[in-house]
Each structure stands twice: as C-alpha cells, then as structure tokens.
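What follows is calculated from the coordinates using simple rules that are stated; it is not laboratory data. None of the values given here were measured: they were computed from a predicted structure. Cβ coordinates were reconstructed from backbone atoms using ideal geometry, including for glycine residues, and neighbour counts include every protein chain displayed.
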Ligand SMILES: [Fe+2]
C-alpha cells in the first residue's frame, strides 16, 4: 500500500513524558502557521486514593498558550488501557476537535458490557467530534494529515501522519521495545503484524513517535525513531521477521503479561472520550471494579 505523504512538511513536535504511566503526549505544530494538534494527553490519577488531577494536561495547555498556538485537533490514537485521557479537560480550555478511530464503537460495545453500563452510555462514538476511517485526511493549519487504520493492539487503533511525522500509538515501540500486546478484547497478533507493515510502508525517513517507552535494559526514555530504523532493528518485526514468527512470539508473550495497573479506570474514562462517568443524584462520580469481569 502506498500512502501519499509529504516529507517536506516538517512539523515541530513537542513531547511531554508522563513518568507515572510511561506515556508520551505530543503538541504538533504546523510549520506554516500557529495551528497545532495534541496527540494522546494524560489525566493524572492516584487510583489508590480515587483522586484525579491535571498537572500533565496543564503542562500541555501552558505550552500551547505560552507559544501562542491555536489548538485545532485533539487526537487519541486509540482507547488506552494504561492511562486516562485528559482530552475533554484540554478541549474545555483550548477548544479543538476530538478525534479517534471509527472502531471506537466496537470498543464501546465490548466494555459497555464489561462495565454493565446502562442505555445512557452511547456506543456510537458520539462522545467524539470525529471518527476516522482508514485513509481519511484532515488539516492542522495548512498541514494535511492522514489517518491510517492500524488495528491489532485494539480494533480502533490509528496511526496519524502529520507531514514527515507519524504518531503510531501502540502499534510499535522503539526498536529495542518491539511491539505492544495484542491480547485485549478485539486485539489480534496477526492483524497487528499487518498494521505494522502498513506503518513500515511509509517512506524510510518518516519520523515515528511512540505513545509509550519503558527504557528497556536500563536505557534512558526515548520516543522518536524512523521507519528505516524500525525495519532494520525492531526486535519483534525488524530484519524481515515473518508474520508466523511474530504471531507465535506475540501470543506466547501476551499469555504471561499481567493486566495494566490502570486498565479499570482507563477504559471507563477513555471509552467516554475522556469524560468521567456520569454523576449520581448527589453529584458524586464513581468508577466501577467488575469482579472477575476482565
Ligand atoms: Fe494502548
């Protein structure tokens, strides 16, 4: 598959790392204007205390405001299972449209059942301003952006290409990190391999930005690489590893992984586009813990 990308457009990419969840959020600025997008923001949570706060989001907001930028898009690469999105909070301060992959509806259907949400929980993606299909384009200022459907980790995963920069979500990790798990409901290792090939079909010089890094083997946290580097060195798919080899490895590895620490609060918030569950008659909000439900 060949995607039409323009490597001559080189957006400024400002990364903010969240050490609590090893997530990297990005402010991506159109080189030709003051327009920007935010990719994968984080809301802070102390789950043991049931306390949420917005230090990480405020850092992103400060960056946008102090640089005189205009936020046009809030992009979620997927429904994250390891951190909570701060998109609605940021949107309330800075505006912009919130977008995610069309298959959010599948994720909402699955986890609407897991959390026994009532009929008031819409499973049609209407919590978002835009549901992206494979190959959809949109603009940030004058910069044309492209959404590529890259399922496998989850059914709704998208990779967003903005100029020469691609935001891969959890489709890939840094070359020495490999790839994300594919065993969540709706995930599939073979599908993930096929999606990774889509990303690796982008031009070799395309800059790739990760959603997570865990600093394997004690190295410092990193989040930026290239298609060429991933093709040559990715420990799970690089050097021409076959689909069959990948599926075998990924399936065996995933069977040994524990649930992410924040999966229960993350899914309940992120499937609502980052909104908290609705308040009860006293105005209080609660998260549920389904027992033996995941
Ligand atoms: Fe994820």
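General remarks:
- Candidates 169, 273: the one that is assigned to a loop (DSSP other than H, G, I, E, B) and either over 19 Å from residue 146 (Cβ atoms) or in contact with a helix residue (DSSP H, G or I) (Cβ under 6 Å, 6 or more places away or on another chain) (or both) is 273.
- Residue within region 113-131 that is within 16 Å of the chain's Cα centre (by Cα) and within 16 Å of the ligand (Cβ to nearest atom) present: no
- Residues of region 208-226 satisfying the condition of being within 14 Å of the ligand (Cβ to nearest atom), in contact with a strand residue (DSSP E or B) (Cβ under 8 Å, 6 or more places away or on another chain) and either assigned to a strand (DSSP E or B) or farther than 16 Å from residue 13 by Cα (or both): 212, 213
- Pick from region 233-242, criterion touching a residue at least 40 places away in the same chain (Cβ under 8 Å) and either exposed (fewer than 15 other Cβ atoms within 10 Å of the Cβ) or within 16 Å of the ligand (Cβ to nearest atom) (or both), ranking: farthest from the chain's Cα centre (by Cα): 233
- Residues in region 1-18 that are more than 15 Å from residue 77 (Cβ to Cβ), out of contact with any helix residue (DSSP H, G or I) (no Cβ under 9 Å at 6 or more places or on another chain) and touching a residue at least 60 places away in the same chain (Cβ under 8 Å): 2, 4, 5, 6, 7, 8, 9, 10, 11, 17.
- Screening region 156-165 for residues that are away from the ligand (no atom under 11 Å from the Cβ) and under 12 Å from the mean Cα position of the chain (by Cα) and picking the one that is nearest to residue 199 (Cα to Cα) gives 159.
- Restricting region 84-106 to residues that are part of a helix (DSSP H, G or I) and within 16 Å of the ligand (Cβ to nearest atom), the residue that is surrounded by the fewest Cβ atoms within 10 Å (Cβ to Cβ): 106
- The residues of region 30-83 that are away from the ligand (no atom under 16 Å from the Cβ), out of contact with any helix residue (DSSP H, G or I) (no Cβ under 9 Å at 6 or more places or on another chain) and in a strand (DSSP E or B), listed by number, are 35, 37, 46, 51, 53, 72, 73.
- Members of region 175-206 found to be more than 15 Å from the ligand (Cβ to nearest atom), assigned to a loop (DSSP other than H, G, I, E, B) and in contact with a strand residue (DSSP E or B) (Cβ under 8 Å, 6 or more places away or on another chain), listed by number: 175, 202, 204, 205, 206
- Unmet requirement for residue 293, which otherwise passes all of (1) touching a residue at least 12 places away in the same chain (Cβ under 8 Å); (2) under 26 Å from residue 113 (Cβ atoms); (3) within 23 Å of the chain's Cα centre (by Cα); (4) in a loop (DSSP other than H, G, I, E, B): (3)
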